[in-house]
Amino acid sequence: MHELPSFCDLIQAVAASREVRDISLTQAGNSLLRELGDEELLVFVLIDGLGKTILEKLPPGSCLRSMHRRDILSVFPSTTACAMTSLATGLYPSDHGIPGRYAYVEERDLHTDTLAFRDREHKELLSPETTIEDLWPYPPLISRMPMQCMSVVPQVLHNSPFDRYLAGTTPSEGYTGIPTAAQMIIDSVFSEGKGYLFLYLWDLDSLCHKIGPHEPAVDRMLQVIDQSMERLAESLAGRGRLVITADHGHMHIADSDRYIFTDSHPVMEFAKTAPYGEPRSLHFLVKPDAEQSFADRFYDSWGDVFSLYTKQEAEAAGLFGGRSFSLAAQKRFGDFIAVSRDRGILLYDNDRFTPSRNRGEHGGNLPEERVIPLLVSS
C-alpha cells in the first residue's frame, strides 16, 4: 500500500500544472504531472468518501470506472479535515498539524471542530481571538495560481472560514444538489486562457456515515454522481481535463466495533484533557510523569485492538506523512496516538462531548480507508 503515490504528490502535481512556482515534485509527483497533461483548463473534483472499494460498487462500464488511471494513498489520518488541509496546501498532516476533525488548542484550553471552525462543546463559531491562521498557518496553493480560478462547494460550507481559507483570494460559489454542482462547473468554464476549477462533493461521505457504505441508497447516489461527472466530462471534451479523486474511503462499523469510555475509565485519570482527533486515530495529552501509567492502563483495556504510539514514535515512523513534525504538529498532536488495528473505534463520551454513532467510519490506516482512485478524462 505504501508504495502508491500519495495524495500530497497529486496535489503538488496539480499545483505545478497550474504554474505554481517553487513546487519540488517527488518522482511520483512528476509521473502524476505527466498524467495530468498540459491542458489549458483543469477541472479538479474531490468526491468525499470515494475510496477505491466504494468506486468498485459502480459497474465496469460506468463513466467513473472507465476514467480510473491508478490508485493513490490518502493522508493519515484518512479523514476530511486532514485531507482537505493537505488539498489546500500540498502538505502532509505532519506539516500542517491538523490531527483530525477535532483538535485541541492547548494554549487557550480550546477544543475545536476544525473544518467547521466551531467550539466542539457548544457548536458555536470560534471567537475572534482565534484566527484562521491559528488553525491553518500555511497559505493555500490556489492563491499562487497565476490564472483564472474558481471553487464550487456545498452551500452550507460556502463563505465559511474554511471555504475562505481553501479558496484563498479566488472566488467560490455554493451548490445544492450534485447535478446542480456539475452544471455550475460547466457554466463556469472559462472561454479563454489557462484556468483551474475546483469542485468539492461531500454528499456521498455524509450518506456513508449515516447508513454505512453498503446500503442501496449509497449505490443510487453513486449513479447520480457518475451521471453528473459523465455530463461534465462530455462538456469538457476538447476544452480541458477532468481529474477526480477522493480524500478517503469508508468502512462499515458494527456495534461490536465501538469501544465507548467515559471519565471514569482508568486512562482518564492520567489525561490532561478530553481526547481528540478521530475515533480510529485518537490523540491523548497526558499529565507530566504519567506516561507509563497511562500506557499501562491503555494496553490493559485496548491493547489487542489499538496500537499506541508516542508522539516521538509516530514522528520516527512517518505515520503522518513526513519524517519530522513541524512546530504546528508538535503543538497540536497528542503525547500518545491510538490507532485502530482493525475495525475498532474509540468513542469518548461525557457531558460535554457526545460521540456520533456512525454506521460508516474512516480515519485509520487500513486500505479501505486510505486507498483512493485517481480518475482522469481522456
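Checking each residue in segment 1-31 for being in a helix (DSSP H, G or I) and on the phi > 0 side of the Ramachandran plot picks out no residue at all.
From the set of residues in segment 1-11 that are surrounded by fewer than 20 Cβ atoms within 10 Å (Cβ to Cβ) and in contact (Cβ under 8 Å) with a residue 60 or more places away in the chain, which is nearest to Ser191 (Cα to Cα)? Ranking the qualifying residues of segment 1-11, first place goes to Leu4.
When Gly193 is tested against (1) assigned to a loop (DSSP other than H, G, I, E, B); (2) touching a residue at least 60 places away in the same chain (Cβ under 8 Å); (3) touching a Gly at 6+ places or on another chain (Cβ under 8 Å), exactly one condition is not met: (3).
Scanning segment 242-301 for residues that are outside the structural domain of Ala182 (by TED's automatic domain parsing), charged (D, E, K, R), under 27 Å from Leu207 (Cβ atoms) and in a loop (DSSP other than H, G, I, E, B) returns a single hit, Arg280. Considering Arg101, Arg70, which residue is among the charged types (D, E, K, R), touching a residue at least 60 places away in the same chain (Cβ under 8 Å), in the same structural domain as His214 (by TED's automatic domain parsing) and farther than 17 Å from Pro5 by Cβ? Going through Arg101, Arg70 in turn, just one is among the charged types (D, E, K, R), touching a residue at least 60 places away in the same chain (Cβ under 8 Å), in the same structural domain as His214 (by TED's automatic domain parsing) and farther than 17 Å from Pro5 by Cβ: Arg101. Can His122 be described as farther than 27 Å from Ser326 by Cα and touching a strand residue (DSSP E or B) at 6+ places or on another chain (Cβ under 8 Å)? No; evaluated as a whole, the condition is false for this residue. For segment 327-375, taking the residues that are of a type outside the set (Gly, Ala, Ser), part of a loop (DSSP other than H, G, I, E, B) and under 18 Å from the mean Cα position of the chain (by Cα), the one that is farthest from Pro266 (Cα to Cα) is identified as Leu366. Within segment 179-193, the residues that satisfy the criterion of being touching a strand residue (DSSP E or B) at 6+ places or on another chain (Cβ under 7 Å) and surrounded by fewer than 19 Cβ atoms within 10 Å (Cβ to Cβ) are Met184, Ser188, Val189, Phe190, Gly193. Evaluate segment 66-82: report whether one residue or more is over 30 Å from Lys287 (Cβ atoms) and assigned to a helix (DSSP H, G or I). Yes, segment 66-82 has at least one match. Hey, could you check segment 303-322 for residues that are part of a loop (DSSP other than H, G, I, E, B) and under 20 Å from the mean Cα position of the chain (by Cα) and say which is surrounded by the most Cβ atoms within 10 Å (Cβ to Cβ)? Result: Phe320.
Out of all the residues in segment 105-128, is one or more of a type in the set (Lys, Arg) and assigned to a loop (DSSP other than H, G, I, E, B)? Within segment 105-128 (the criterion being of a type in the set (Lys, Arg) and assigned to a loop (DSSP other than H, G, I, E, B)), the answer is yes, since at least one residue qualifies. Restricted to segment 114-127, and to residues there that are buried (at least 18 other Cβ atoms within 10 Å of the Cβ) and under 16 Å from Ala274 (Cα atoms), the residue that is nearest to the chain's Cα centre (by Cα) is Thr114.
With respect to Asp226, determine if the residue is surrounded by fewer than 22 Cβ atoms within 10 Å (Cβ to Cβ), touching a Ser or Thr at 6+ places or on another chain (Cβ under 6 Å) and assigned by TED's automatic domain parsing to the domain that holds Leu55. In short, yes.
Here is a yes/no grid of residues against (1) under 24 Å from Ala338 (Cβ atoms); (2) surrounded by fewer than 24 Cβ atoms within 10 Å (Cβ to Cβ); (3) of a type in the set (Ser, Thr, Tyr); (4) at pLDDT below 95:
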| residue | (1), (2), (3), (4) |
| --- | --- |
| Leu41 | no, yes, no, no |
| Asp48 | no, yes, no, no |
| Lys52 | no, yes, no, no |
| Pro59 | no, yes, no, no |
| Ser66 | no, yes, yes, no |
| Asp71 | no, yes, no, no |
| Thr79 | yes, no, yes, no |
| Thr85 | yes, no, yes, no |
| Pro93 | yes, no, no, no |
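A Cβ distance below 9 Å, combined with a sequence gap of six or more or placement on separate chains, defines the contacts here; from segment 12-26, residues that are in contact (Cβ under 8 Å) with a residue 24 or more places away in the chain reach residues that are among the acidic types (Asp, Glu) and surrounded by 15 or more Cβ atoms within 10 Å (Cβ to Cβ) in the pairs Ser17/Glu39.
If I filter segment 332-343 for residues that are surrounded by fewer than 23 Cβ atoms within 10 Å (Cβ to Cβ), within 22 Å of Ala103 (Cβ to Cβ) and without any contact (Cβ under 8 Å) to a residue 24 or more places away in the chain, do I get at least one hit? No, segment 332-343 contains no residue that is surrounded by fewer than 23 Cβ atoms within 10 Å (Cβ to Cβ), within 22 Å of Ala103 (Cβ to Cβ) and without any contact (Cβ under 8 Å) to a residue 24 or more places away in the chain.
The values are calculated or read from the model by the stated rules, or taken from the named source; none is laboratory data. All values derive from a computational prediction rather than experimental measurement. Every residue, glycine as well, gets a Cβ built from its backbone with ideal geometry; the counts of neighbours run over all protein chains shown.
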